[in-house]
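Working notes, beginning with the structure itself.
The values are calculated or read from the model by the stated rules, or taken from the named source; none is laboratory data. A quick note: this is a predicted structure, and the numbers were derived from the prediction, not measured. Glycine gets a Cβ as well: all are built from the backbone with ideal geometry, and neighbour counts include every protein chain shown.
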Amino acid sequence: AFGSIFAIIVVKHFFGGIGQNIVNPALAARAMLLASWPVAMTTWAVDGMTTATPLALLKEGTVAILPTLSDVFIGHVGGCLGETSALALLLGGAYLLWRKVISWHIPVIYISTVFVLTALLGREGWMTGNPLYEIFLGGLMVGAFFMATDYTTSPMTKKGQVIFASGCGILTTLIRLYGGYAEGVSYSILIMNLFVPLIDRVTVPRIFGEVR
């Protein structure tokens, strides 16, 4: 309830209402809740047992009790509402692409960037990563398909969207591997939201006939 109030009143309406917010309201509220109640936001019950999210286990180095890749892909893991099943999120993202609600540039570039950088940098050093496992974990899928593609807080041009998505992927990987938080999706998208006006300014083509 507190997160909803923060998202709607502070993030959206304080900046002018629908279409005027400078960052994604849902992600801003989630970041606020994570900072305020970190334990409650990262501990979940699966099959009656309380456990940390797989990303938190990776961050702690507790690899012995990690779920299998199939469990991660299907969604039989702990996590926030709507982020656990990579399969369901991929189907939802494919539907949005098919209906042309979103374009492929942001989700594909975002996920691909995390995949490549995770494979190269790894959690145990150079080329030690498990990129397939990493992209199915946490909020990457829901962030790439449903949050980063928000019309109000993403660039207008295709070139700008590629830059935006690449920045999100780089920041997500750096936060996950080297930051203090296990997950970096929310913060990476919020940070890149703030750069959208600059990205648009650089990438929007000049009007035909315009003189410098």
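For segment 148-173, taking the residues that are of a type in the set (A, V, I, L, M) and modelled with pLDDT of 95 or more, the one that is nearest to the chain's Cα centre (by Cα) is identified as 148.
Could you tell me which residue of segment 38-83 is modelled with the lowest pLDDT, considering only residues that are touching a strand residue (DSSP E or B) at 6+ places or on another chain (Cβ under 9 Å) and among the hydroxyl-bearing types (Ser, Thr, Tyr)? For segment 38-83, the residue satisfying everything is 62. The single residue among 122, 93, 82 that is surrounded by fewer than 21 Cβ atoms within 10 Å (Cβ to Cβ) and either among the aliphatic types (A, V, I, L, M) or within 14 Å of the chain's Cα centre (by Cα) (or both) turns out to be 82.
Residue check: is residue 143 in contact with a Ser or Thr (Cβ under 8 Å, 6 or more places away or on another chain) and closer than 24 Å to residue 30 by Cβ? Yes, satisfied. Of the residues making up segment 74-99, those that are outside any helix (DSSP H, G or I) and among the β-branched types (Val, Ile, Thr) number 2.
Quick check on segment 155-212: of everything there that is aromatic (Phe, Trp, Tyr) and either surrounded by 13 or more Cβ atoms within 10 Å (Cβ to Cβ) or touching a residue at least 40 places away in the same chain (Cβ under 8 Å) (or both), which residue is farthest from residue 144 (Cα to Cα)?
Looking at the filtered set, the residue picked out is 181.
Might you check whether a residue that is without any contact (Cβ under 8 Å) to a residue 24 or more places away in the chain, surrounded by 15 or more Cβ atoms within 10 Å (Cβ to Cβ) and touching a Pro at 6+ places or on another chain (Cβ under 7 Å) occurs anywhere in segment 10-24? Checking segment 10-24: at least one residue is without any contact (Cβ under 8 Å) to a residue 24 or more places away in the chain, surrounded by 15 or more Cβ atoms within 10 Å (Cβ to Cβ) and touching a Pro at 6+ places or on another chain (Cβ under 7 Å). Residues of segment 3-36 that are within 20 Å of residue 80 (Cβ to Cβ), assigned to a loop (DSSP other than H, G, I, E, B) and among the hydrophobic types (A, V, I, L, M, F, W, C): 23 alone.
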